[in-house]
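Below is one structure, written out as structure tokens; the observations come after it.
The values are calculated or read from the model by the stated rules, or taken from the named source; none is laboratory data. Only a predicted model underlies this, so the values are computations on that prediction, with no experimental measurement involved. Glycine also receives a Cβ, built like all others from the backbone with ideal geometry; neighbour counts cover every protein chain displayed. Heavy atoms of the whole protein, side chains included, go into the accessibility calculation; ligands, DNA and RNA do not. Shrake-Rupley method; radii C 1.70, N 1.55, O 1.52, S 1.80 Å.
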Amino acid sequence: MTTVDLSEIPAPAGELSVWPASTTRLPHGDLAVGGVSLTEVAERFDTPVYVLDEGEVRGRCRTYRDAFPDAEVLYAAKAFLSRAMVRWVEEEGLGLDVCSAGELELAVTAGFPPERIVLHGNAKSPRDIEAALRLGVGRIVIDSPSEIARIAAAVGPEGRQKVMVRVVPGVSAGGHDKIRTGTEDQKFGLSLTDGSAQDAVARILGQPQLELTGLHCHIGSQITEVEPYLVAVRRMVGLLAGIRDAHGVVLPELDMGGGHGIGYRPGEAALDLTALARGLRAELGAGCAAAGLSVPRLVIEPGRAVVGPAGVAVYRVLAVKRTGEKVFVAVDGGLSDNPRPALYGVRYAPRLIGRHCAAGARTATVVGRHCEAGDVLAADVELPGDVHPGDLLAVPVAGAYQLSMASGYNMVGRPPVVSVHEGTSRVLLRRETLDDFRNRDIGR
Ligand code: LLP
């Protein structure tokens with residue numbers, strides 16, 4: 001494989017600004033990520049293929065550690081999880097946020113220390129709770145009143161489990177309606193304004209099997225402004241003070257969730273992590289001082305901002321056709337490996353790789369191969385006018401919530417994930433094959 005010397009390479013700018021920092025241009029219109037040519041990845045592993053830059057993931061973990069030196073940083077596993085990812089996150093000193101027995105068991109069996117794991121979920125199954133207690137997760141975040149007695153009973157008279165309470169702080173933020181979780185019109189958390197959060201706290205404090213370590217909130221996802229977090233902190237500190245006044249208990253932790261926004265296309269804003277860290281520290285310090293509280297330990301749970309920009313999806317063009325006014329460029333993946341454009345209207349910036357183009361740009365719509373008109377990966381993007389079957393299209397910022405939300409639709413099979421680092425590549429997740437579909441089909 002072509003290797004590239006990564007030393008002294010400036011971070012990509014302009015049209016490559018949302019690509020991994022290791023991205024470099026190679027001859028013949030090719031790009032390298034992590035020192036590995038993308039066209040060689042496509043040839044060796046076939047397409048569609050997802051490339052994950054280990055250095056970018058690790059670098060982003062370190063950026064969080066540096067920006068939030070006093071906080072506990074939990075990587076939100078729902079964005080993307082594999083055993084290698086578990087190892088990288090562990091080695092970089094982050095904790096983990098999981099939301100099912102599946103994510104939890106994968107992490108623990110891959111060697112992640114359970115005490116550094118927090119379990120979430122608005123509807124935890126008996127299996128989730130059993131796995132959490134058996135494996136010894138650090139904390140369970142309580143999301144509904146009925147969980148209190150269920151978890152206490154499962155812990156048993158001799159045990160004690162650390163828990164937090166998920167609060168709805170009444171702050172609306174996030175990139176799309178479906179991922180705004182800070183207000184009362186959605187399913188997560190316990191309301192601050194109707195008193196459900198306060199009731200849950202009182203009930204937990206009455207359960208000897210449960211140790212309440214703090215409060216949690218997650219106001220939404222793909223948030224690009226600091227201000228909503230500061231409003232939420234103010235309300236959470238108000239609740240901490242209320243709990244101190246009502247029960248004489250000062251809770252030592254405040255988990256402000258994740259939701260840190262990233263740019264998907266050049267020029268799109270990302271949340272400024274330094275400004276967030278500074279703002280949270282100042283707001284928390286001032287609020288606690290005014291309320292006469294000692295400052296709780298801050299916990300944050302970024303998912304997308306750790307892994308999203310580290311991923312690149314590479315597709316091969318299967319068909320190009322003009323229908324009416326539109327040019328459709330159809331690739332060998334789509335809705336089943338990336339449901340995000342269909343779900344949230346997210347816009348991506350695909351790029352032709354692997355050859356030089358003499359032709360000028362024209363507007364085209366990149367579609368997938370699935371049996372839905374809504375299977376659109378990127379509507380109305382600029383691509384070379386001579387794009388044709390056999391060309392490769394690469395889509396940056398593909399690392400978060402694409403493969404973790406992938407489906408078996410049309411039995412196309414989920415693509416492999418190939419990690420790239422310092423000029424070498426290796427398969428983390430193999431391609432899903434017809435045999436996989438056949439093996440679980442045990443009826444007749
Ligand atoms: N903590 C909790 C409790 C969460 O529910 C989430 C995401 C996170 C942390 C991490 O949020 P992040 O930093 O990744 O934004 N499928 C959607 C995103 C759903 C987010 C769900 N919860 C998407 O593709 O945009």
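Of all residues in the stretch 220-249, those that are within 17 Å of Ile300 (Cα to Cα) have Cβ atoms under 6 Å from Cβ atoms of residues that are of a type in the set (D, E, K, R) and open to solvent by 20 Å² or more (accessible area, probe 1.4 Å), 6 or more apart or on another chain, in Gly220/Arg180; Leu230/Glu283; Val233/Glu283.
When His421, His388 are screened for being open to solvent by 60 Å² or more (accessible area, probe 1.4 Å) and either out of contact with any Ser or Thr (no Cβ under 8 Å at 6 or more places or on another chain) or under 21 Å from Leu352 (Cα atoms) (or both), only His388 passes. Of all the numbered requirements in (1) open to solvent by 10 Å² or more (accessible area, probe 1.4 Å); (2) within 16 Å of the ligand (Cβ to nearest atom); (3) not in a strand (DSSP E or B), Arg369 misses one, and that requirement is (2).
In the stretch 232-340, which strands (runs of 3 or more DSSP E) lie fully inside it and hold 2 or more residues that are surrounded by fewer than 24 Cβ atoms within 10 Å (Cβ to Cβ) and at negative phi?
The strands (runs of 3 or more DSSP E) meeting that bar are 297-300, 311-323, 326-331.
Whenever a residue of the stretch 332-343 is near the ligand (Cβ under 9 Å from one of its atoms), its partners that are open to solvent by less than 20 Å² (accessible area, probe 1.4 Å), lying with C-beta atoms within less than 7 angstrom and at least six residues away or across chains, give the pairs Arg340/Gln402. Among residues of the stretch 178-200 being within 14 Å of the ligand (Cβ to nearest atom) and closer than 19 Å to Val231 by Cβ, the one that is surrounded by the fewest Cβ atoms within 10 Å (Cβ to Cβ) is Gln186. Determine, yes or no, whether Ala361 is surrounded by fewer than 22 Cβ atoms within 10 Å (Cβ to Cβ), within 14 Å of the ligand (Cβ to nearest atom) and farther than 22 Å from Gly258 by Cβ. Against the criterion (surrounded by fewer than 22 Cβ atoms within 10 Å (Cβ to Cβ), within 14 Å of the ligand (Cβ to nearest atom) and farther than 22 Å from Gly258 by Cβ), Ala361 does not qualify.
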